[in-house]
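The values are calculated or read from the model by the stated rules, or taken from the named source; none is laboratory data. Just so it is clear, the structure is predicted and the values come from calculations on it, not from any experiment. Here the Cβ positions follow ideal geometry from the backbone for every residue, glycine too, while neighbour counts run over all protein chains shown. Heavy atoms of the whole protein, side chains included, go into the accessibility calculation; ligands, DNA and RNA do not. Shrake-Rupley method; radii C 1.70, N 1.55, O 1.52, S 1.80 Å.
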Amino acid sequence: GQQVQQSPASLVLQEGENAELQCNFSTSLNSMQWFYQRPGGSLVSLFYNPSGTKHSGRLTSTTVIKERRSSLHISSSQTTDSGTYLCAFHNNAGAKLTFGGGTRLTVRP
Amino acid sequence: AQTIHQWPVAEIKAVGSPLSLGCTIKGKSSPNLYWYWQATGGTLQQLFYSITVGQVESVVQLNLSASRPKDDQFILSTEKLLLSHSGFYLCAWRNRDTQDTQYFGPGTRLLVL
């Protein structure tokens, strides 16, 4: 089965609303990353977050390694936040990065 | 600052024809390098990784091969393209010493007809 489960698969918000994206891992992991995938396909790294909580502007990532989960909180969403959010984990050897299927976010004006 | 380039930006190729995609990292010595592939609407999959020149490990077999001829260069290739090779190819690098964030290139979109 899939090693990385992301939820929800898609989400539609009105501008200004908050979003909570979840990522659950079925295997032990060394660390994880959150990415934003632009409509054209390129990836932007949002957080490298092996554990704990990290903030960047309106984004907050919280990872609980022992529980094999991570979340991404987007506050006061904007239309430019629309796109696909991907989480991925590094295996213990660090050589492999395994991605989830993504959450497609649409923020309406 | 480190920069990562991929070429070509996009390509349309015929089934059975050869393919070579390139990736170059500037401003970082001895990076770990990675190739990923994403089918349209699909999940990103890691294909290969390399920790040093001349050494490449395969993660997923898709009738593709990879080589690292120089410290800053990673090449993805095949002699015969399949329809299933269509998709988006991403190259990434990671600091070998810190082993933290992976940084991705702009990608190459491939359509096989």
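Share of chain B's accessible area from carbon and sulfur, percent, 1.4 Å? Intermediate values should be presented prior to the final figure.
Values: 2830 of 5260 Å².
Within chain B, the accessible surface is 54 percent carbon and sulfur.
Dipole of the protein assembly as shown, Cα-centred, from +1 at each Lys and Arg C-beta and -1 at each Asp and Glu C-beta, to the nearest 20 debye? Display every interim value, and only then the final one.
Working: 18 positive and 12 negative charges, 25 e Å.
Roughly 120 debye for the protein assembly as shown.
Nothing charged except the Cβ atoms of Lys and Arg (+1) and of Asp and Glu (-1): what's the magnitude of the dipole of the stretch A:1-103 about its Cα centre? Round to the nearest 20 debye.
380 debye
Farthest toward the dipole's positive end in chain A, which of A:SER26, A:THR62, A:LEU46, given Cβ charges of +1 (Lys, Arg) and -1 (Asp, Glu) about the Cα centre?
Of the candidates, A:SER26 comes out farthest on the positive side.
Long-range amide H contacts for A:THR84: which residues qualify at under 5 Å (H placed 1.01 Å from N, peptide plane, sequence gap of 5 or more or a different chain)?
When sequence neighbours closer than 5 places are left aside, the close amide H contacts are A:GLN37, A:LEU105.
Would you work out which of B:THR98, B:PHE88, B:LEU113 lies farthest towards the positive end of the dipole of the stretch B:57-113? Charges go on Cβ: Lys and Arg +1, Asp and Glu -1.
Ranked along the dipole, the leading option is B:LEU113.
What accessible area, summed over both chains, is buried at the B-A interface (1.4 Å probe, Å², nearest 100)?
1400 Å²
Quick one: which residues, 5+ away or cross-chain, put their amide H under 5 Å from the amide H of A:LEU46? H built at 1.01 Å from N.
Counting only residues 5 or more places away or on other chains, the set is A:TRP34, A:PHE35, A:TYR36.
Got a sec? Charge dipole of chain A, +1 on Cβ for Lys and Arg, -1 for Asp and Glu; which of A:GLN14, A:THR84, A:LEU105 is way out at the positive end?
A:THR84
Rounded to two decimals, what is Rg over Rh for chain A when you use alpha-carbon atoms and the Kirkwood radius?
On the way: Rg = 13.3 Å, Rh = 13.8 Å.
We get a ratio of 0.96 for chain A.
Compute the Kirkwood hydrodynamic radius of the stretch A:48-109, taking the inverse of the mean of 1/r over all pairs of distinct Cα atoms, and give it in Å to one decimal. Don't skip to the end; give the middle numbers.
Numbers: mean 1/r = 0.0766 Å⁻¹.
The answer is 13.1 Å.
Per residue and in Å³, how big is the convex hull formed by the alpha-carbon atoms of the protein assembly as shown? Can you show the working numbers first?
On the way: hull volume 27.5 nm³, N = 222.
Given the Cα convex hull of the protein assembly as shown, per-residue volume reads 124 Å³.
If Rh is defined by the Kirkwood formula over all Cα pairs and Rg also comes from Cα, what ratio Rg/Rh do you get for the stretch A:1-65? List each step's numbers first, then the result.
Numbers: Rg = 12.9 Å, Rh = 13.5 Å.
A ratio of 0.96.
Could you give me the radius of gyration and the Dmax of chain B, taking only the C-alpha atoms into account and expressing both in angstrom?
Spelled out, the Cα radius of gyration and Dmax of chain B are 13.4, 42 Å.
According to the Cα gyration tensor, what semi-axes, each the square root of 5 times an eigenvalue, does the equivalent ellipsoid of the stretch B:53-113 have, listed from largest to smallest in whole Å?
So the equivalent ellipsoid measures 24, 14, 10 Å along its semi-axes.
Quick one: P(r) of the stretch B:6-67 from all Cα-Cα pairs, 10 Å bins, percents rounded to integers, in order of increasing distance.
That works out to 17, 49, 30, 4, in percent per bin.
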